[in-house]
Amino acid sequence: MLSPRIELAITTMLEAHGLGRRKSGRSFEATHVLAVGLIVKDSGFNENAVIAGILHDTLEDTDLERKIIERRFGPDVLATVEDVTEPPRRVSWRTRKDSYITQIRDTPRDDARAVASADKIHNLSSMVAGLEEYGPSFADVFTAGLSDMVWYQETVHQTLAERWSHDILDEHERELTRFVEIARNYM
């Protein structure tokens, strides 16, 4: 059974994302963020971390205001969501990714590390499935090429593993290995 706060997080996420599709157009944003929240929960993290997982893309991809997250879920959830939020898309891909890596390196919050890892686990598994089904054309919708994507994914995992230890990183590493192996076939 879900707690009232988690139900409110799901409602808030749906209010923000609606039925918006992911960049590849093959799935919904809501499906992704719910998967991230479930990965965080299944990895043993607290309710605030699960809520942050569900809301992790709202500041980055929607018009949801920070004050709504803070009012509904408190400053800790907002701080965690901010830790995993990239700069606006008008900023170059590399600058956004460098900023994100710095944020997850410097955050004092394990909840943010958990959300970052869960996000990458789901992203990597989705990219593997896309590459297996569509081949290299799957990556055409992304701003970066496969070699840049490999660099970024490897750097995120390495950054998390250098400063933190948790079982979620084992799953993260397994998905990263699968992605790198298939991506290198097309590079």
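A few points about this structure:
- Hey, V141 under 18 Å from S92 (Cβ atoms) and at pLDDT below 95 or not: yes
- Counting the residues of the stretch 49-93 that are charged (D, E, K, R) and either in contact (Cβ under 8 Å) with a residue 40 or more places away in the chain or buried (at least 24 other Cβ atoms within 10 Å of the Cβ) (or both) gives 4.
- Residues that are part of a helix (DSSP H, G or I) and out of contact with any helix residue (DSSP H, G or I) (no Cβ under 6 Å at 6 or more places or on another chain) within the stretch 135-153 comprise G135, P136, S137, D140, V141, S147, D148, M149, W151, listed in sequence order.
- The residues of the stretch 159-177 that are outside any helix (DSSP H, G or I) and closer than 24 Å to A129 by Cα amount to a single one, D167.
- All positions within the stretch 80-96 that are under 19 Å from G53 (Cα atoms), outside any loop (DSSP other than H, G, I, E, B) and of a type outside the set (A, V, I, L, M): T80, E82, D83
- So V156, is it over 23 Å from E47 (Cα atoms), in a helix (DSSP H, G or I), in contact with a Phe, Trp or Tyr (Cβ under 7 Å, 6 or more places away or on another chain) and touching a residue at least 40 places away in the same chain (Cβ under 8 Å): no
- Screening the candidates L64, L124, L59 for the property of being over 22 Å from S165 (Cα atoms) and part of a helix (DSSP H, G or I) yields one hit, L59.
The values are calculated or read from the model by the stated rules, or taken from the named source; none is laboratory data. These figures come from a predicted structure and were not determined experimentally. Counting neighbours? That spans all protein chains shown, and the Cβs are built from the backbone with ideal geometry, glycine included.
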